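A.B. asks: Following this message is one structure expressed as C-alpha cells.
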Amino acid sequence: MVNVPKTKKTYCKSKECRKHTLHKVTQYKKGKDSLAAQGKRRYDRKQSGYGGQTKPVFHKKAKTTKKIVLRLQCQGCKHHFEIGGDKKGKGTSLF
C-alpha cells in the first residue's frame, strides 16, 4: 500500500451533501472477471479439447510501476469517486 491518509476532507458532489465532508480513502482494485462474459465463454470453448494454447500469450511486459487510482467515499452519504492515475514518486504523497 502507498503512503496516503486513511481519510481526507474534500468536496462531495452528491445531491444530499454538496459541501466539504470527510471521505474514506482506499486504493482502487479491479473487480473479479465474470465467467459469463462473451469473450471468456468464447475463449474457454476454443481452449477445450486437444490443440494446446490457441491465442497468443503476451510476453512484452515493460512497466515496473503502476499508476495509482484512489477511491474516495463520502462518510455522510456513501457517494464515491476515483482520483489519480498518475505515477507516484518514491516517498511522496499523492496530495
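Every number in this text was worked out from the coordinates using simple rules, so none of it is lab data. Being a predicted model, the structure only gives us computed values, none of them experimental.
A.B. asks: Just to be sure I understand: with springs between alpha-carbon atoms less than 10 Å apart, which residue in ARG71, ARG45, ARG18 has the highest mean-square fluctuation in the Gaussian network model of the chain?
C.D. replies: ARG45
A.B. asks: Please determine, in degrees from 0 to 90 and to the nearest 10, the orientation of helix 38-47 with respect to the longest principal axis defined by the Cα atoms of the chain, where the helix direction is its Cα long axis.
C.D. replies: Its long axis makes an angle of about 30 degrees.
A.B. asks: Which entries in the list LYS8/LYS29; LYS30/LYS63; LYS29/LYS66; LYS40/LYS63 go over 21 Å, if you measure between the two C-alpha atoms of each? Could the numbers behind the result be given before it?
C.D. replies: Working: LYS8/LYS29 19 Å; LYS30/LYS63 18 Å; LYS29/LYS66 12 Å; LYS40/LYS63 26 Å.
Those over the limit are LYS40/LYS63.
A.B. asks: What list of whole percents do you get for P(r) of the chain, with Cα-Cα distances grouped in 5 Å bins up to the one holding the largest distance?
C.D. replies: Going from the shortest bin to the longest, the percentages are 2, 10, 15, 13, 12, 12, 10, 9, 8, 5, 2, 1, 0.
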